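Remarks on the structure that follows.
The values are calculated or read from the model by the stated rules, or taken from the named source; none is laboratory data. Quick caveat, the model's predicted, so the values are computed rather than measured. Because the Cβ atoms are built from the backbone with ideal geometry, glycine has one as well, and the counts that use them run over all protein chains shown. The accessibility values were calculated without ligands, DNA or RNA, using every heavy atom of the protein model including side chains. Shrake-Rupley method; radii C 1.70, N 1.55, O 1.52, S 1.80 Å.
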Amino acid sequence: MSDASPVLATDARRVAVMTVLTVLAGAVDAVSFLTMGKVFCALATGNVLFLSFALAGDGDVPVARPATAIGAFVTGAAVASLLLKRLADRGGPWFPVGLVCEAVLLVCAGALALARHGTGAVPAADDHGVVALVALAMGVRASTVLRVHVPGMPTLLSQTAIAELINDVLRRPRAALRGMTAKQRLARTRWTATVGGIFTGGVLGTLLLVPLGTGRALLVIAAAVLLLAVAGTVTRPGGAGAVRVA
């Protein structure tokens, strides 16, 4: 069983928190792809493909940008995994700490973008520092939500949730939420929230954050992550024991 943070004391609260994080991941990728030069800082799969295109000598994406994002993402995930495990083993508040680390990295990325490029976009050809910091933050996110372990809600991608949702609907095409068991309703809600969250984050990021410019957009996202971290810190545990949503 996976240890649970106070902010994730109930299944409904878990889904709500993971949905917000999923929306923010969609916003991060909207900002990174549209203002940082065709790179995904949250969706590592996209960077793996970009890197393969670049190494094969096709496409208009240079090797350095996706390679930087992949390397930073892996580093963030590895460091966060070790740190959060140590905190969890000691009974520490690993979930808020993971979110604070993510937010701090996003603040650093936003500040760097503002310092170097003002309120505009980050030129793709001459600044990989911002890309590295945002991808590092998303690597931290990956390890944080992996430890939370809410199936179907990785917060960074939606492919599996789409497949699970389609298969579930095809198995029970006439089943509305009211006609399903609590477990079935929860599973379908998680998959729907993941797909809808990524989409919503992409739309909001494009319409509301991209016009702000890279630096200010990243600071807004960091502020939202910090709010979740604060919620996780001030919420008292409802009881002992670990919670794992099956």
### Query
Do you know which of the residues in region 114-153 that are surrounded by fewer than 21 Cβ atoms within 10 Å (Cβ to Cβ) and among the charged types (D, E, K, R) is nearest to the chain's Cα centre (by Cα)?
R147
### Query
Taking region 15-61 only, how many residues are open to solvent by 20 Å² or more (accessible area, probe 1.4 Å), β-branched (V, I, T) and under 16 Å from V210 (Cβ atoms)?
1
### Query
Within region 114-132, is even one residue among the basic types (K, R) and without any contact (Cβ under 8 Å) to a residue 60 or more places away in the chain?
yes
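Working carefully through the options R141, R244, R147, find the one that is among the basic types (K, R) and either at pLDDT below 85 or in a loop (DSSP other than H, G, I, E, B) (or both).
So the residue among R141, R244, R147 that is among the basic types (K, R) and either at pLDDT below 85 or in a loop (DSSP other than H, G, I, E, B) (or both) is R244.
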### Summary
T160 passes all but one of the listed conditions (1) buried (at least 16 other Cβ atoms within 10 Å of the Cβ); (2) part of a helix (DSSP H, G or I); the exception is number (1)
